[in-house]
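Q: So that we are looking at the same thing, I have put the structure below in structure tokens.
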Amino acid sequence: MDISEDARWILLKAARESIRSVFGDSDIPEPDYEKYPLLKTHKGAFVTLTINCELRGCIGYIIAQQPLFEVVCEAAKQAAFSDPRFPSLKEKELDSIKIEVSVLSDFTPINSYEEIEIGKHGLLLEEGGRGLLLPQVAVEHKMNREEFLSAVCRKAGLYSEYWKERQLNIKVFTAEIFSEE
């Protein structure tokens, strides 16, 4: 995918300004799509918010119906105000949050769990429910492949050892991940 440094900063600023706009006036300038055509492509993306290295919200879109720029703006607001695991972000927290954006690649079905590369692949499981774990989750939580598979099963509403019973319908993906730091 190879998102340029300038395009990354445009997306990060847009994410922050989208959140700020909920509290009052904020200018979210539309990017120059001629100069940054990737921002107009339809790609899935997630926005993760942390405060002091602790998760504060994470929402994203697996399949994009809008251009990447708009997906990131919407995901940022959803992560700040609609993640059911957390109360809505307060205005006083705005300057404390760190924003991370993950732009998703296409999804690829796997034939064997051995194809999963920790630190490279995220997982999408669509059996029973839907579970998605970004590639950085396994690294941040020091998971091995088995723990990563158990975690995606739980995320999909299945019991954690379900993956041991049969080859599940899992797709892998990569993500271009960048943050304000």
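The values are calculated or read from the model by the stated rules, or taken from the named source; none is laboratory data. This structure is a prediction, so every number in the text was calculated from the model and none was measured. All Cβ positions, even for glycine, are placed from backbone atoms using ideal geometry, and neighbour counts span all protein chains on display.
Let's see how each residue does on (1) touching a Leu at 6+ places or on another chain (Cβ under 6 Å); (2) in a helix (DSSP H, G or I); (3) farther than 20 Å from ILE97 by Cα:
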position	(1), (2), (3)
LEU38	no, yes, yes
LYS43	yes, no, yes
VAL47	no, no, no
GLN66	no, no, yes
VAL72	yes, yes, no
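Q: Considering the stretch 113-130 alone, what residues qualify as being out of contact with any Phe, Trp or Tyr (no Cβ under 8 Å at 6 or more places or on another chain) and either closer than 13 Å to ALA175 by Cα or modelled with pLDDT of 95 or more (or both)?
A: GLU114, GLU115, GLU117, GLY119, LYS120, LEU125
Q: Given the conditions (1) under 15 Å from the mean Cα position of the chain (by Cα); (2) surrounded by fewer than 19 Cβ atoms within 10 Å (Cβ to Cβ); (3) assigned to a strand (DSSP E or B), and given that ASP106 satisfies all but one, which numbered condition is not satisfied?
A: Status for ASP106: all satisfied but (3).
Q: Being of a type in the set (Phe, Trp, Tyr) and touching a residue at least 24 places away in the same chain (Cβ under 8 Å), is that true of even one residue in the stretch 166-178?
A: Scanning the stretch 166-178, I find at least one residue that is of a type in the set (Phe, Trp, Tyr) and touching a residue at least 24 places away in the same chain (Cβ under 8 Å), so the answer is yes.
Q: Still on this structure: Taking the options ILE62, ILE51, name whichever one is touching a helix residue (DSSP H, G or I) at 6+ places or on another chain (Cβ under 9 Å) and of a type in the set (Val, Ile, Thr).
A: Details: ILE62 fails: touching a helix residue (DSSP H, G or I) at 6+ places or on another chain (Cβ under 9 Å).
None of the other options fit; the residue is ILE51.
Okay, residues lined up against (1) under 19 Å from LYS155 (Cβ atoms); (2) without any contact (Cβ under 8 Å) to a residue 12 or more places away in the chain:
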position: PRO67; (1), (2): no, no
position: CYS73; (1), (2): no, no
position: SER88; (1), (2): no, yes
position: ASP95; (1), (2): no, yes
position: SER102; (1), (2): yes, no
position: ILE110; (1), (2): yes, no
position: LEU123; (1), (2): yes, no
position: GLY129; (1), (2): yes, no
position: LEU134; (1), (2): yes, no
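Q: Taking the stretch 23-33, which residues are in a loop (DSSP other than H, G, I, E, B) and touching a helix residue (DSSP H, G or I) at 6+ places or on another chain (Cβ under 9 Å)?
A: Listed by number, the residues that qualify are GLY24, SER26, ASP27, ILE28, PRO29, GLU30, PRO31, ASP32, TYR33.
Q: Return the residues of the stretch 75-98 that are surrounded by 14 or more Cβ atoms within 10 Å (Cβ to Cβ) and farther than 21 Å from ILE63 by Cα; say none if nothing qualifies.
A: Answer for the stretch 75-98, where residues must be surrounded by 14 or more Cβ atoms within 10 Å (Cβ to Cβ) and farther than 21 Å from ILE63 by Cα: PHE86, LEU89, GLU93, LEU94, ILE97, LYS98.
Q: Determine whether ILE19 is assigned to a loop (DSSP other than H, G, I, E, B), under 18 Å from the mean Cα position of the chain (by Cα) and β-branched (Val, Ile, Thr). If you could, list the steps in order and put the result at the bottom.
A: Working: assigned to a loop (DSSP other than H, G, I, E, B): no; under 18 Å from the mean Cα position of the chain (by Cα): yes; β-branched (Val, Ile, Thr): yes.
Taking the combined requirement at face value, the residue does not satisfy it.
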